[in-house]
Structures are given as structure tokens and as C-alpha cells.
Amino acid sequence: MSELTTGLPRRPRPKPLRRRHLGVHAVLILGSVVMVGPFFWEVMTSLKTLGETLTVPPTVFPRSPRWSNYGDVFDTLPFGQMFWNSTIQTLGRVLGQLVLCSMAGYAFARFEFRGRSLLFGLFLSVLMVPSQLFLLPQYEIVAGLGWLNSLQALIVPGLFSAFGTFLLRQFFLSLPRELEEAAKLDGANHWQIFTRIMLPLAKPGLIALAVLDVLWSWNDLMWPLVVNNDPSKMPLSVGLASLIGQFSVDTTTLMAGSVLATLPVLLLFVVLQKQFIQGIAFSGSKG
Amino acid sequence: MAGVLTDREQASGTVGATAPAGSSSGSGSRGDTPAPGRRPGRPGRSHQPGRGMSRMRRNDLFWAAVFILPTLLGLVVFYLWPVVRTLLISFTETGPFGGSEFVGLANYRELFGDARLWETMLNTVKFTVVALLGIPVALVIAALLSTEGLRGVRIYRVLYFLPVVTMPAAVGLIWRTLYNGDVGVINALLGLVGIEGTNWLSNPATALYAIAAVGIWLSLGTQIVIFLAAIQGVPKDLYEAAALDGAGRIRQFWSITLPQISPSVFFISVLAVIGALQTFDLIFVMTGPTNPAYPQTETIVAQFYQRGFVENQQGYAAAIALVILVVIVAVTALQFRLQKKWVHYV
Amino acid sequence: MRRTSTLAATAALTPLLVLGLAACGQSTGGATADAQPESGPVTISYGIWDKNQVPAMQKIADEFHAANPNVTVKIQVTPFKQYFTTLQTAAAGGGAPDVFWMNGPNVKLYAANQQLLPLDQTISRAKLDLAKYPEALVDLYTYDGKRYGIPKDFDTIGVWYNKALFDAKKLAYPKDTWTWADFQSAARALTDKTKGVYGAAAPVEDQAGFYDTIPSAGGQVIDAAGTKSGFDSPEALQGIEFWTSLVKDGASPTVQQMTDTSPGDMFKAGKVAMYWNGSWAAVEYSDVPELKDAVNVAPVPAGPKGQVSVIHGLGNVIYAKTKHQDAAQKFVGFLGGERAAQIQADAGAVIPAYEGTQEAWVKSMPQFNLKAYVDEVATAVPYPASKNTKAWTTLQTDLLTKVWNGEVDAATGLKDLATQMNAALAKEK
């Protein structure tokens, strides 16, 4: 990761220079508190009793951690099943988009054919359209297929992405053509060139798309809320949202649920932080 | 920033950085002579390039179809057709359980005559303007993080990025407890310095801004990471030259960094505006129709949801959706026009 | 048949699959009309919204399955907040559950739009005696002379109170003979600003709020025919001011405070001494060890026209487009019987609608004065509803929130509400 911090050499330097960073650190630490503080509070609240959450002034630490709030989440929701649904929804969309978008993106980047720019324009136009325009008709289609309350309802519409196609097309455009030319002279067909030469080269782009898809899929709320009303087919996001505003669910349970629902991606992020951050930065440089 | 630098490196021919990890079989395939293993299994079927334009074109067309058709079909079925369908719905009045009658422009007439539309538009605009204030904050943090020789950058970056990976529904819940007027930690902290807080999320004067602040908090990490990557890409000799001229850090930021990364700033501002114009999740979780501040926080997308899914006026909702489309296209077009004035492509 | 194992195939073959299944989907539309018994085992879905009632519903489903081994009932819980939104979208798409819970505000809408199966055949096959249910509830589920729902349970409203907060102020607990004045003076006396304690919670709440106080004052929310708003009457104003005066006096938290922290949470945490809540709350409070013996319930206080609670009850209905009409009819017949009511009563979640089974419910939580709820039935008024109830309850929330918040004075706000509500009602025709 050191390559991020600066392009300049990072050798030991004289002390005075480092002391100069005190002010910078002060600002950055203060900012970090604002960014991380809410999560700290979330975890603390999830371990309090309802009474403790309503004391004035608020107490920081729970008198004795009330782990049963987490148990309440499991009593309230089929959490394991929802976790599985979220996982399947995320994996399905990510893998599907990686395959489909890389193919389409590559084709737009490399093949010459009549109507290409028109077709690409059509793809781009989908990008400009706010998702509200898709919602009702998508529901009609999924219902027509008899897919309500099914995992494919969560996955299938999310397999196709104009954004992913665009992102990977930009990436393929930035790759040198020499390798493909050489492979062509060697008698390789497009499929072979694509799978054996271009895809490995496109790894950073594919990772970027995968990261964005993971975030989008895991946190997606509106679509699964509309199509899957059976808790055993809901992803976690909907499970959590369904707890909001229910009289019988306490704030403490909601906080415990929030912790549990965010934890998987958070852990994934901690393990793969480099890929996550590079993925986001990459989409920024390409978009 | 490897993700950004790699394609630069690749462009200059140093493919080695990424290829080995990706391809297990063809370690020797880089460069001009493909390894034998790379040869197609059935040479007889291969399509020899360079046998005349038309042949190649047709060949390309075939492969383009193979590569694009699956996505194209999916987009047509799930995205393009729905747009047309929504347009059609907007000319109808839908019964509560499907079944609809054509009503011409009635939905649009009702929509434009509805004071609520303009209120929600105004809320949306306010929301968007506040959301844009996050960009300078992200720029400053990214600039600070780019400080030469700064320690702990990696940790800072992870911390600032944390909200990006969390579920908006969960985030809304967390901030609801923080903003609580009686027992919230924000008012407790303000109380320490003698400021009396308010019911941030239910006070009509503050609710919109309180939610917009959470929106900024959520997206700051993305913006910082993208700006950081862009700042890394600024040629170092520019700074060295400026330093020789006696320019301080702040002047360097204004005269070198900012112009150099202006394409990223533009990109982020387009994203931020499109995102803010469609704000719904946070509004949905943090306020609601029973909130006294709801009229001051309801965005146009929230109104779309209310009409389409609570009050079951699909035709009216479809008309709102098309208005949202027009607004987003117009604002984005405006941004693209304005960019010529301030974005410097190097 | 829709299993996750098809995931890989789905990913690879999506376009074909989509088109192929689209064709399939269209061809399955026809078979709905009559109740032919099906030969093989079938699974029907049962849509409900209350998680607390899942155990009782599951027990009913299991016993039904034991008696009808060919039919398996799968319970689908959708939280109430999304229930009717989802249900309506699902019904429009042809995919609503085979059997589901219905409530008063929605039944006429569903019946009028042919979404519900008329139950005459169900009633005769299961030999159900409609006299066994409260008449108000049977009527609630009758539209155009046809029965569309079998009453499942009913609920009335009571005043829950925190004993410790009364003890601290040395006040007597609420009792049957309380009037509005008793309630309000107690609320003021119980309020203790220094401790952050309020005597009562007066949220913008219909069922456990002004739907009770407006009839207690002699007014009505909507006329019996469901065509005219009653909000512009002096009685309605009285019923609303019962609540707004509590807020004005500081005996209740403000709307803003109750938006930040729900009054239910405040009550459970001992920050609110008296909280109006439905009979459904009993099971929730008895589940919390700290509350079990700390709270109790009394009937609503008597207003100018006496002690009036609103009564509402759920009904079990059959989706008109169910593909398993025979099984659905059998199940709803079972749900309407005494055995199913007994299971509900034992679970204590709700008051069963079936005559004679309420006693078991009252005894299921002996620490609470649950008899108060059952006794209220005698003077209760039906839940206000029309064909498109949602159209004006949305207005109700909007405008009354402004009244509560002091943006509009009550008289003006109510006049406004009545005008807009009448316009909405006129559209229903």
C-alpha cells in the first residue's frame, strides 16, 4: 500500500519534519473520530438495555453487556437463512456481471461492426436512467415468470449491467493491442484471445467491478423488498429494514441487527481492503 | 495506487505486474511470441485475420453478437423495455390491482398542478446542494493524506472508508440514535460546550440538513479515495518546480493539485449530484410520514415511492419517475457544459 | 422446483431462461375457477404480519396438516409496515399468498376489486356458524352481501400504566370508573421533568388514540355509510384536544420527541407512566421480564359520552386467484373453527373472535387485568373504514401531525382534514 501515500521516497527523515505533521494528524484524527464514532456507538448501544439507551445524559459503556440483544435478533429474524440469501444474491450478481459485462465490454472495446456506437449509446442511456423507472415493470416481469419469493428474483435482473459493461470497456480500451494482434497472427480466435489473454490482463478492472457489485448487492434494499416478502427468501438488508418501526422491536435489538447485518462486508473489507479501495479508485479513474 | 497505476504501467508495456496472478497456464505468453500452449486446439477452424476487410468485419460481427447478445437481451428485457413501459404507465390510471385505463396527460396535469411536487423538488435541490459541500471536505482530507512522509495514511484511509461498506439502512438507524433530541450523543456533546441541541430529525428546520450530513458521511470515503488516487497521478516535478519558486503547500494545492485533478473533481460532482437527486434510503429510514419534519425532508424519489407503492397511483408515480429522469438528464447536461469552464484535461 | 442449485445454469443461460419461462408463465393463467380437490400433496401459503403470532399460527397449521396430510401450510410473515404494500403489488402480479390476513381498512378495497374469494362455499363446507363471532366483525368482512373473511380475532384499546411511577407519586392506579378528567389530572401529576418522566404519551395515533376519543366525545371519524368525514364536528375537536392539551401542558412528550424515541420505547423504559395500547400489546409486555410485573392495564377513561373503545378484528381470506382453492377453503374452514380459536387463546397473542374462547386468553396472563379489553366490547365502536381507506388515512397523518406540532390550530386543521377527506371519499365512487 505504500505506493499510495506518496510517490516520493519514504526514508527516515529528520525529526523536525515529522513534528510538522502534528497539525495534520490532529485534523485527520478528529475526522476519524467522526467517521468511526458512530460505529462505536452502534456497538455500545447494541449491548445496552432499553432503559440505558434512554438515560440522560447518555452513558457510553453498558453497565453490564447485554448479549441477549443479539439473541433477540435471531429470535426476530431467520438470520442464518437471510445471511445465506444475501450471500447467494451477492455471489450470483457478482459472478454473472463479471462474465457478462467483461464479454460485452470487450466486444465494445475491440470489435468493429456497424451500429456499434449506436448500440453503445443505447447501453449508456441505461446509465442515465434513474432506477425508479425500472421498478414497476421489472416487478411485472418477475411476477409474470412466477419468480416472486425466489432467489432468482433477487439475482437475475442484477446480472445485466450497463455500468459494468461501460467500466470494463474503458478498461479494455486502455490495454495495448499488440498482444491480441500477435495471438491473432498465431491463429487464435476471439474467444481464445478474450479468455486467455485479455481477461487475465483485465484483473484490476474485474476486481473493481466485483467490489462495487458486492457493496451494491449486499446493501440493496428496494428491489428485494418489493419482490421477496417471505422472510426465508429475504436478504439481510430487507430483514433489517423490516424491523424498523415495528412496535415490538427495541432500539437495542435494531442496533444489534445493524451490527450483524454490516459485519460480513465489514470483515470482507478488513481482509481485502486493498482490493476494495483500489476498486473504488479505479472506477473513479475510468468513469 | 496500484489499481490506477496498473493501467498506466500496462499502457507503457509493463504487463508483468498483473499477468502472472491471472493466468496459470501461460506464464511465458507475454511479449511478442505466444507460447505454444496458447495455440488454439483446432487451427483449421481459426479465423485468419487480414484476409480482406469485409471478411474480417463479418467475423467481428459474429463474435460481437456472441459477446454482446446476452447482456443486450438482459438490458432490453429488464431495463430498456421497462423505461418504455413506465412511459406507457404514466398515461394510464392504474387500478389498485392492475388493470388500467388510458387517461392521456391527466397524470402530468395533476402532477404539475400539485404543490407537493414543487416542495419535494425544492427539498431535493437543497439536499443536492448540501451534498456537494462534501466535496471540498473530501479534497482537504485527501490533500492532507497526501502530505509528504505522513505516517499512518493506510490506517486513516481505512477509517475514512469504513462508512462506504456499511448498509445504508443500518447507517440510518445508527444516526437516528445519535441525533436523538433527548438522549442522543450529539446533543450530549453539544451540551458539554454549552450549546442546546434540538430534535435534529424531527425539527422541520434541521431535519433535511441532518440527513444530508449523513449522506456526506456515507460518501466521503469514496470521494477521498478517488481524490487520493488522482493526486498520486500528479507529476511530482510540478511540485518541485513550484517549491523552487517558493510556493507553500496551500498555494501548491490551489495552483497545481486542484487544476491537475479537476477531471476527478468533475466526475465526483456528477456522481454526487446524481446520487443526491435520487436520495431515498436515508429518508426512508430516518424520517417518515409521521415525522413532523416530513414535508421538509420528503424528496422527489420519496414522493415517487409514496405515490407508487403506498397510495397505489402507479400512473402518477410513473409520471414522477419521468420527471426525475428529465431533471437528472438536464442537470447532468448542465454540468457537462459547465465543465469546460473549470476542468483541465491534461 | 425453483431451487438455488439452478444458480449456475441461470447465470449462463439467463437470456434463454428468461424468454422460455416467460412463455411458461403466460400459460399457467387459466386454472383457477373451481375447487376441484387435487390428488397430489399441495403446499399453500398463509400470509400474516405479526411475528408474535407465528407460534400459534404454526400450531394451527400443524394440526391442520395432521388432519389433512395432503396439504402443507407455509407461513409467510411480512411486517405490518410493508404488508399491504407488498400484498397489493403481489395481488396485482397474481402472486399473493393463497390464504392471508385481512384487516378492516383494506377488506372492501380487495373485495370490490375481485381479489378475494367469496366464502359461502367455504362456510357451508366447514359448517361454520357465523353467530359465533361478534356481529360487527362479520359485517366488517361482508361486501355487497357476500362474506369475504372469517373473523380471526379482535382487539380493543386499554390504558397501560407503570405501577412504580404511580407509587412514586402516591397516586391510585387507573380504574374502570376513570373519566377523561381523572386521566388528565393523573397525567399532569405523574409528570416529573427533572427525571424526564411524562404522565402520558399523546402521539399522533389513530387506533389507540383519537379513534377512541372522538366517539367517546360523541363524534365519529366517518359516517356509517363510509361516505362523509366526521372530523369537522365539535365532538371530533374535543376528541383531538384531549390529546393535544396533554402535549401543550407538557404532560406528554412533544411529537418531535416521540418521533425521535417511540412512545412505546419510552413506556417500556419507564419514562412514560400511561400509554394507550391495543390488546395485542399484552403478550409483548409479558415477554419482557422487567415489565411483566411492573405494568398493568385498565379500560380507556370515559369521555363526555361514556367509555368507548374502537374494536377491530382480523379476518382470514382466500386469494381469488389461488391455484389451490380446495386446500385453501379447507384451511380457512379450519381457521374459523373452535379448535383454532382455542390454540390462539392459549398462546395469548390475541383475543380470538370465536365465542367462548376469550376466557382462556384473559387467563393466559393472569398478572394483567385483561378482562378490561373483553368487557369493552359491549360499548365499542367499529373501526372506521371505507373502500379506499388508505387515501384519507394518509391525509389524516399529514394534517393531524401539523395540529399536534402546533403549526395549525386544531379547529382549522380539522376543517381542512374534513374537506380533503370528503374529496378523497368522493373519488371512491
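Every number here is computed from the coordinates shown, using simple stated rules; none is lab data. Not measured: the values here are computed from a predicted model. For neighbour counting, all protein chains shown are included, and Cβ atoms are generated from backbone atoms with ideal geometry for every residue, glycine included.
Quick one: Kirkwood hydrodynamic radius for the protein assembly as shown, alpha-carbon pairs, angstrom, one decimal?
Taking every pair of different Cα atoms in the protein assembly as shown, averaging 1/r and inverting gives 31.6 Å.
What's the lysine pair count for segment A:77-286 at a Cα cut-off below 30 Å, pairs eight or more apart or interchain?
5
So how far apart, in nm, are the two label points at C:A164 and A:R177 if each is 7 Å from Cα heading toward Cβ?
About 7.9 nm, to one decimal.
Please compute the length gained on full extension between A:R63 and A:N189, using 0.36 nm multiplied by the number of residues separating them and subtracting their Cα-Cα distance.
38.5 nm
Per residue of C:93-101, count partner chain C-beta atoms within 10 Å of its C-beta, then hand back the mean as an integer.
Mean number of neighbouring Cβ atoms from other chains: 4.
Given the alpha-carbon gyration tensor of chain C, what are the semi-axes of its equivalent ellipsoid in whole angstrom, ordered largest first, with each equal to the square root of 5 times an eigenvalue?
Calculated on Cα positions only, the semi-axes equal 41, 25, 22 Å.
Per 0.36 nm of contour for each residue apart, how much would the distance between C:A224 and C:A66 grow if the chain were fully extended, relative to their Cα-Cα spacing?
Between C:A224 and C:A66, full extension yields 52.6 nm more.
Take A:D75 and B:K341, extend 7 Å from each Cα along the Cα→Cβ direction, and tell me the distance between the two endpoints in nm.
6.1 nm
Calculate the mean, over all residues of peptide B:225-234, of how many other protein chain Cβ atoms lie within 10 angstrom of the residue's Cβ.
The per-residue average across the peptide is 5.
Loop only by DSSP, 11 or fewer other Cβ within 10 Å of the Cβ. Give me the chymotrypsin sites (Phe, Trp or Tyr not before Pro) in segment B:245-346 that pass, ordered by residue number.
Filter output for segment B:245-346: B:Y345.
Kindly write out, for segment C:199-215 in residue order, the coupling ³J(HN,Hα) from the Karplus curve 6.51 cos²θ - 1.76 cosθ + 1.60 (θ = phi - 60°), rounded to whole Hz, with x marking Gly and Pro.
Karplus-based 3J(HN,Hα) across segment C:199-215 equals x, 8, 10, 10, x, 6, 10, 7, 4, 9, x, 6, 5, 8, 6, 5, x Hz.
To make sure I understand, if each residue's beta carbon is the centre and we count other beta carbons within 10 Å, what order do B:H344, C:H312 fall in, fewest to most?
Listed from fewest to most nearby Cβ atoms, that is B:H344, C:H312.
Would you mind counting up the charge near C:F80? Only other residues with Cβ under 11 Å from its Cβ, with Lys and Arg at +1 and Asp and Glu at -1.
Here the count lands on +1.
Just checking the output field for A:195-202: average partner chain Cβ neighbours within 10 Å of each residue's Cβ?
6
Identify all aspartates and glutamates with a Cα-Cα distance to C:K169 below 19 Å; exclude those on the same chain that are fewer than 8 residues away in sequence.
Straight-distance partners of C:K169: C:D182, C:D192, C:D249, C:D293.
Per DSSP H run of n ≥ 4, the term is -39500 (n - 2.57); total these for chain C, divide by its residue number, and report the mean residue ellipticity at 222 nm rounded to 500 deg cm²/dmol.
Computed ellipticity for chain C at 222 nm equals -13500 deg cm²/dmol.
Could you tell me which residue out of B:N187, C:F166, C:F334 lies farthest along the dipole of the protein assembly as shown toward its positive end? Charges go on the beta carbon: Lys and Arg +1, Asp and Glu -1, centred on the Cα centre.
B:N187
Show the residues, 5+ positions off or on another chain, whose built amide H is closer than 5 Å to the amide H of C:H312.
C:D155
Which pairs break 26 Å Cα to Cα here: C:K74/C:K330; C:K81/C:K268; C:K146/C:K387; A:K48/C:K175; C:K305/C:K371?
Correct reply: A:K48/C:K175.
So how strong a dipole does the protein assembly as shown carry about its Cα centre when Lys and Arg Cβ are +1 and Asp and Glu Cβ are -1, to the nearest 20 debye?
I would put it at about 4760 debye.
Put a dot 7 Å past each Cα toward the Cβ at B:I195 and B:R251; how far apart are the dots in nm?
Each label point lies 7 Å from its Cα, and together they span 3.5 nm.
Arrange A:S125, C:S124 by Cβ neighbour counts within 10 Å, fewest through most, would you?
C:S124, A:S125
Any idea what the dipole of chain A comes to, in debye rounded to 20, about its Cα centre with Lys/Arg Cβ at +1 and Asp/Glu Cβ at -1?
1460 debye
I'd like the GluC sites (Glu not before Pro) in segment A:26-129 restricted to DSSP loop residues with at most 16 other Cβ atoms within 10 Å, sorted by number.
A:E112
As a test, work out the antiparallel percent of DSSP beta bridges whose residues both lie in the protein assembly as shown, rounded to the nearest 5.
In the protein assembly as shown, DSSP labels about 65 percent of beta bridges as antiparallel.
Given H placed 1.01 Å from N in the peptide plane, which residues other than close sequence neighbours of B:V103 have an amide H under 5 Å from its amide H?
B:T92, B:E93
Report relative contact order for chain A in percent, whole number only (criteria: Cα-Cα under 8 Å, sequence separation at least 6).
Rounded, it is 29 percent for chain A.
Determine, from the Cβ-Cβ distance of C:K146 and B:Y209 and an R0 of 56 Å, the FRET efficiency 1/(1 + (r/R0)^6), rounded to the nearest 0.05.
Computed FRET efficiency for C:K146 and B:Y209 comes out at 0.60.
Please order B:S146, A:S117 by the number of other Cβ within 10 Å, starting at the fewest.
Result, fewest neighbours first: A:S117, B:S146.
Kirkwood Rh, Cα Rg: Rg to Rh for segment C:307-360?
Radius of gyration over Kirkwood radius for segment C:307-360 works out to 1.07.
Taking θ as phi - 60°, what are the ³J(HN,Hα) couplings along segment C:116-130 by the Karplus curve (6.51, -1.76, 1.60), each to the nearest whole Hz, with x for Gly and Pro?
Here the 3J(HN,Hα) series is 10, 7, x, 9, 3, 5, 4, 5, 6, 5, 8, 6, 7, 9, 5 Hz.
Using Stokes-Einstein with the Kirkwood hydrodynamic radius over Cα pairs, what translational diffusion coefficient do you get for chain A at 20 °C and a viscosity of 1.002 mPa s, in µm²/s rounded to a whole number?
95 µm²/s
For C:K415, go through the lysines and keep the ones whose alpha-carbon is under 17 Å away, minus same-chain ones fewer than eight residues off.
Those lysines meeting the cut-off are C:K228, C:K402.
Short version: what are the Cα gyration tensor semi-axes of segment A:16-72, square root of 5 times each eigenvalue, largest first, in whole Å?
35, 12, 9
Report, in debye and to the nearest 20, how large the dipole of segment B:114-342 comes out about its Cα centre when Lys and Arg carry +1 and Asp and Glu carry -1 on their Cβ.
480 debye
Using a Förster distance of 56 Å, how high is the FRET efficiency between C:A378 and B:L69, based on the Cβ-Cβ distance and rounded to 0.05?
0.20
Please compute the net charge surrounding C:W101, taking Lys and Arg as +1 and Asp and Glu as -1 over other residues with Cβ under 9 Å from its Cβ.
0
Where the centre of each part is set by its Cα atoms, how far does segment A:111-173 sit from segment A:32-68, in angstrom?
Taking the Cα centre of each part, segment A:111-173 and segment A:32-68 sit 42 Å apart.
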